Amino acid sequence: MIIMTTALISGGSAPFGWSGPSDQTNQVRPQPSAPWQDNQVIEPEQLVKSLSAAKGEKPLVLCVGFSVLYQGGHIVGAKFAGPGARPEGIQALKRAVQGLPRDAQIVVYCGCCPWQRCPNVRPAFSTLQDLGFTSVNVLSIPTNFRVDWIAKGYPIEKGPEKP
């Protein structure tokens with residue numbers, strides 16, 4: 001008997017290049033591993049406190065999701081640097097952090113879908129690590145941005161990033 005850590009899905013397309021049976025029955029698919037450690041995950045309430053603190057350095061918050069989601073509502077002050085799943089998104093991410101000290105506090109988030117299936121946050125996080133950034137955190141959004149941030153009443157702003 002083989003036991004694997006898996007996620008149960010029903011139909012739909014599979015991210016991360018997984019190719020398995022294509023029928024519409026329930027399929028078991030390996031869950032992608034996270035490139036971050038538990039201590040590199042920040043909870044929404046922790047980020048809100050950090051961003052609203054009167055003193056101390058505030059982290060750079062980078063949305064590495066899709067433009068339409070960013071424009072529809074994003075964390076106040078977040079910069080758009082995505083989508084992390086696309087080469088042009090990774091290039092935008094690199095431009096967004098260009099010139100920052102390697103110990104700069106950075107928080108990345110997406111929120112397009114359940115975390116275990118998100119195509120954007122893992123490559124963005126890994127890219128920042130590969131660039132030598134030492135204080136990178138990922139925002140915990142297990143379901144999606146609407147459920148885990150907006151519905152909980154955390155502050156958002158809408159519209160495109162201002163130049």
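Condition first: touching a Leu at 6+ places or on another chain (Cβ under 8 Å) and exposed (fewer than 13 other Cβ atoms within 10 Å of the Cβ). Now tell me which residues in region 77-92 satisfy that.
Of everything in region 77-92, just one residue is touching a Leu at 6+ places or on another chain (Cβ under 8 Å) and exposed (fewer than 13 other Cβ atoms within 10 Å of the Cβ), namely Gly77.
Give Val64, Val48, Val41 a once-over and let me know the one that is closer than 21 Å to Lys152 by Cβ, of a type outside the set (Gly, Ala, Ser) and crowded, with 21+ Cβ neighbours inside 10 Å.
On the way: Val48 fails: crowded, with 21+ Cβ neighbours inside 10 Å; Val41 fails: crowded, with 21+ Cβ neighbours inside 10 Å.
Exactly one residue qualifies, and that residue is Val64.
Modelled with pLDDT of 95 or more and touching a strand residue (DSSP E or B) at 6+ places or on another chain (Cβ under 9 Å): which single residue out of Gln116, Gln129 fits that description?
None of the others qualify; the one that does is Gln129.
Among (1) at pLDDT 95 or above; (2) within 13 Å of the chain's Cα centre (by Cα), where does Pro142 come up short?
(1)
Find the residue count for region 99-115, including only residues that are surrounded by 16 or more Cβ atoms within 10 Å (Cβ to Cβ) and on the phi < 0 side of the Ramachandran plot.
10
Between a first residue in region 91-118 that is charged (D, E, K, R) and a second residue that is assigned to a strand (DSSP E or B), which pairs have beta carbons less than 6 Å apart while being 6 or more apart in sequence or on different chains?
Asp103/Ser135
So for region 87-109 (the condition being of a type in the set (S, T, N, Q) and either touching an Asp or Glu at 6+ places or on another chain (Cβ under 9 Å) or under 11 Å from Leu128 (Cβ atoms) (or both)), does at least one residue qualify?
Scanning region 87-109 turns up at least one residue that is of a type in the set (S, T, N, Q) and either touching an Asp or Glu at 6+ places or on another chain (Cβ under 9 Å) or under 11 Å from Leu128 (Cβ atoms) (or both).
Hey, among Arg122, Arg95, which residue is part of a helix (DSSP H, G or I) and surrounded by fewer than 14 Cβ atoms within 10 Å (Cβ to Cβ)?
Arg95
Of the residues that make up region 141-161, is at least one under 18 Å from Pro35 (Cβ atoms) and crowded, with 16+ Cβ neighbours inside 10 Å?
So far as region 141-161 goes, yes, one or more of its residues are under 18 Å from Pro35 (Cβ atoms) and crowded, with 16+ Cβ neighbours inside 10 Å.
I'd like to verify a number: residues in region 125-139 that are assigned to a helix (DSSP H, G or I) and crowded, with 18+ Cβ neighbours inside 10 Å, how many? Don't jump to the end; show me each part of the working.
Of all residues in region 125-139, those assigned to a helix (DSSP H, G or I) come to 125-130.
Checking which are crowded, with 18+ Cβ neighbours inside 10 Å leaves us with 125, 127-128.
Within region 125-139, residues that are assigned to a helix (DSSP H, G or I) and crowded, with 18+ Cβ neighbours inside 10 Å number 3.
The values are calculated or read from the model by the stated rules, or taken from the named source; none is laboratory data. For clarity, every value in this text was computed on a predicted model and none was experimentally measured. Cβ atoms come from the backbone with ideal geometry, glycine included; neighbour counts cover every protein chain shown.
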